[in-house]
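Below is one structure, written out as structure tokens; comments come after it.
The values are calculated or read from the model by the stated rules, or taken from the named source; none is laboratory data. Everything numeric in this text was worked out from a predicted model, so none of it was measured. Cβ coordinates were reconstructed from backbone atoms using ideal geometry, including for glycine residues, and neighbour counts include every protein chain displayed.
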Amino acid sequence: MNNKTKKIVLNGLMIALVCIATMTIQILTPGTSGYVNIGDSVIFISSILFGPISGMVAGGIGSAMADILGGYSHWALFTLIIKGFEGYLVGIIMKNSNNMIRTILATVVGTLIMVVGYFLAGIILKGSVIISAGSIPSNLVQGIISMILAIPLSYSLNKVKYVKTLKVNF
């Protein structure tokens, strides 16, 4: 299998994993009409292991698909942009690095992008700063839980021989 095919297949797999992780575990947040999920953990893993483009593609498309499939299609365009940017920035910060401090920094930045992005999108969709501000605590919890899941998983996966061969091609 050539490198281009591997990239397409891997990105498709990561898109599907983000969508599944987002849709499988959902904790509804009253007052914001949203939900907390662990999809960001897969975005972080994709960005850490395979770089900014894979993180952007998996984060943007996978999360937007989850919105569309889950009945939140009015959020899909915002999600595509927010989660895509989140995945891209985490991947950029992690590029050519594998140390714990940088990984924590990258995922904190990713979490902040997500929190601020949804706050701004909420102002547009809900028409209220106060209502949108109500999503900040749950989005922070979502980001922190995703960091707690993604950091050790990405370090474990990084030791797998097959994952190392995929990273060389990206």
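The table below lists the values:
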item	result
Matching residues in the stretch 134-152 - criterion: being closer than 15 Å to Pro30 by Cβ and of a type in the set (Gly, Ala, Ser)	Gly134, Ser135, Ser138
Odd one out for Met114, checked against (1) more than 16 Å from Asn37 (Cβ to Cβ); (2) touching a residue at least 60 places away in the same chain (Cβ under 8 Å)	(1)
Listing of helices (runs of 4 or more DSSP H) fully contained in the stretch 1-96 that carry 2 or more residues being of a type in the set (Phe, Trp, Tyr) and surrounded by 21 or more Cβ atoms within 10 Å (Cβ to Cβ)	39-50
Residue, nearest to Val108 (Cα to Cα), within the stretch 138-161, restricted to residues that are loosely packed, with under 13 Cβ neighbours inside 10 Å and at pLDDT below 95	Ser156
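Quick grid of which residues meet (1) within 19 Å of the chain's Cα centre (by Cα); (2) among the basic types (Lys, Arg); (3) within 23 Å of Phe78 (Cα to Cα):
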| residue | (1), (2), (3) |
| --- | --- |
| Val129 | no, no, yes |
| Asn139 | yes, no, yes |
| Ser146 | yes, no, yes |
| Leu149 | yes, no, no |
| Pro152 | yes, no, no |
| Leu157 | yes, no, no |
| Lys161 | no, yes, no |
